[in-house]
Structures are given as C-alpha cells and as structure tokens.
Amino acid sequence: MNLENYLLYFILPVLTLSTILVFIRFLKGPSIADRVISFDLLVIIGLGTIAVVSILADQPTFLDIAMIVALIGFLSTVAFSYYLEKRQRND
Amino acid sequence: MIDIIIMIFCTLGALAVLLAAIGVLRMPDVYLRLSVTTKAATLGIGLILVGAAFHFSEVGVTSRIIAIIFFITVTAPVSAYLIVRASYFIKAKLWEHSIVDELNGMYDKKTHSLSSTDLPDEVASHRTDDEEEIEEIK
C-alpha cells in the first residue's frame, strides 16, 4: 500500500465522516453556542483536509490557504462570541 | 521509510479529529462539548500538519507549518474561553448531573465583570474559619 492510496482511501474518508458528524450537531444544536462551537470545529477539520490534499497533490502552496482559513476561523469565532455577549447585555 | 512516518502521523491525527467529532455529537452539554473540541481537534490537526512537514521536508515549508501549528495552539484556548464566557452569559444549561456551578452569582449582571470580593455568606464564613486555623497554626 503506497502513501497516496492510504491517504485517499483511509484518511480522507475519516475526515469526511467527522465532518458529517459535526454537521449533524451543527444542524441539531439546541443553543446558538453549540452552533458556534461546531462551526469552529468544521473550520479546523477543513484545515486538516487542506493539509492532506496538499500532500496528495504535492503542492506546498496549499498550506498558505490553510493559514488564512485558520485566521478567518479564529476571527469569526471571536466576532460571534462578542456579538452574543453584546446582544445579551442590550436586552 | 518516510512514507510510514507520514502514515503514522496522519492516522493518529485523523483518529483524534474523529474522536473530537464523536465527542461533539455525543456530549450532553455546551461546556463538555467545548472541552472535547478544543483539545482533541488541536492535537489532531497538529499531527496531520507534522505529517505534511515530513512529506515536503524543506525548510520553507516546515517553518510555515510550524507557524500554522503555533497559531492554532495559541488561538484555540482564546476562542474557547470567549465562546464559553458568552454561553455562560446567555445562560446555557448545565448538564443535569453536574455537581457544582462555582461561578453562580459571581458575575455582575450589568457590567459582566467577575467579582471575588462579594462572596456569598457561606463561603465567606468558611474562609474566615480557614484563616483562623492558619493563625492558630502560626
């Protein structure tokens, strides 16, 4: 078994399965905090998928995109939590 | 040889991410879900990125990957703290089998600042007893 087949037929399906599981929680989530948490986890799993795809395609340039996605995910999480807290205070 | 190292790192990372996903789906409470997410997912992504660093094995790519891992490791606790603080203010429910909520009544409702001086009466009385014991020991 070479590396390419292993990544393609084991690692990527595992990441896909975890994306589906987190997305179920994203749809179900009772409160809005659950949705923010699962969105954060979706961004992080996407980052791992980008890393695996960059190994598969042999393109280190994709890791720059991973860095930007990590930055945007952190920023969106901070913005969501700030919004939640401010909304509660104004009521 | 290096393929086997990459396989080991990617497998451990993918399994950690899968455990984080199962934990997010199965845990009963916002706070428990967050505790699972932050640790396991950060570990998993770090391991997958280390596998990518072994695959490319160039100085530029490795330093970039170290920068990404450092960024994730620094920002994951910060974002987790912010979410859990906001979800405590919007009164997300604790799990029904939770034993104690130590922050109950400690946050000011208007300013959202944490107070440690205005303790409830029971805690304050315990504290004075402890201080008296300490003075007796001295």
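Below, the figures for the structure above:
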{"read-out": "Flag if B:Ile8 is within 7 Å of another protein chain (Cβ to nearest Cβ) and either in a helix (DSSP H, G or I) or at positive phi (or both)", "value": "no"}
{"read-out": "Residues of the stretch B:29-50 satisfying the condition of being more than 7 Å from every other protein chain (Cβ to nearest Cβ) and either touching a His at 6+ places or on another chain (Cβ under 8 Å) or outside any loop (DSSP other than H, G, I, E, B) (or both)", "value": "B:Tyr31, B:Leu32, B:Ser35, B:Val36, B:Thr38, B:Lys39, B:Ala40, B:Thr42, B:Leu43, B:Gly46, B:Leu47, B:Val50"}
{"read-out": "Residue in the stretch B:38-57 that is closer than 30 Å to A:Glu4 by Cβ, of a type in the set (Ser, Thr, Tyr) and crowded, with 18+ Cβ neighbours inside 10 Å present", "value": "yes"}
{"read-out": "Meets criteria (surrounded by fewer than 20 Cβ atoms within 10 Å (Cβ to Cβ), in contact (Cβ under 8 Å) with a residue 12 or more places away in the chain and closer than 18 Å to B:Ile4 by Cα) for A:Leu7", "value": "no"}
{"read-out": "Residue tally, condition over 16 Å from the mean Cα position of the chain (by Cα) and of a type in the set (Val, Ile, Thr), over the stretch A:21-38", "value": "1"}
{"read-out": "Selection within the stretch A:74-91 - buried (at least 17 other Cβ atoms within 10 Å of the Cβ) and either at pLDDT 90 or above or not acidic (Asp, Glu) (or both)", "value": "A:Phe74, A:Thr77, A:Phe80, A:Ser81, A:Leu84"}
{"read-out": "Of residues in the stretch A:21-52 being more than 7 Å from chain B (Cβ to nearest Cβ) and without any contact (Cβ under 8 Å) to a residue 12 or more places away in the chain, the one nearest to B:Thr75 (Cα to Cα)", "value": "A:Arg35"}
{"read-out": "Positions within the stretch A:2-20 being facing another protein chain (nearest Cβ under 7 Å) and either under 12 Å from the mean Cα position of the chain (by Cα) or charged (D, E, K, R) (or both), in sequence order", "value": "A:Leu15, A:Ser18"}
{"read-out": "Those residues of the stretch A:18-35 which are closer than 11 Å to A:Ile45 by Cα and exposed (fewer than 15 other Cβ atoms within 10 Å of the Cβ), in sequence order", "value": "A:Ile20"}
{"read-out": "Condition broken by B:Ser63, with the remaining ones in (1) in contact with a strand residue (DSSP E or B) (Cβ under 9 Å, 6 or more places away or on another chain); (2) closer than 30 Å to B:Ile6 by Cβ; (3) of a type in the set (Ser, Thr, Tyr) satisfied", "value": "(1)"}
{"read-out": "Only one of A:Leu63, A:Leu47, A:Leu42 that is out of contact with any His (no Cβ under 9 Å at 6 or more places or on another chain), at negative phi and surrounded by fewer than 21 Cβ atoms within 10 Å (Cβ to Cβ)", "value": "A:Leu42"}
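The values are calculated or read from the model by the stated rules, or taken from the named source; none is laboratory data. On a predicted model such as this, the values are computed, not experimentally measured, just so you know. Positions of Cβ are backbone-derived with ideal geometry, glycine not excepted, and every protein chain shown enters the neighbour counts.
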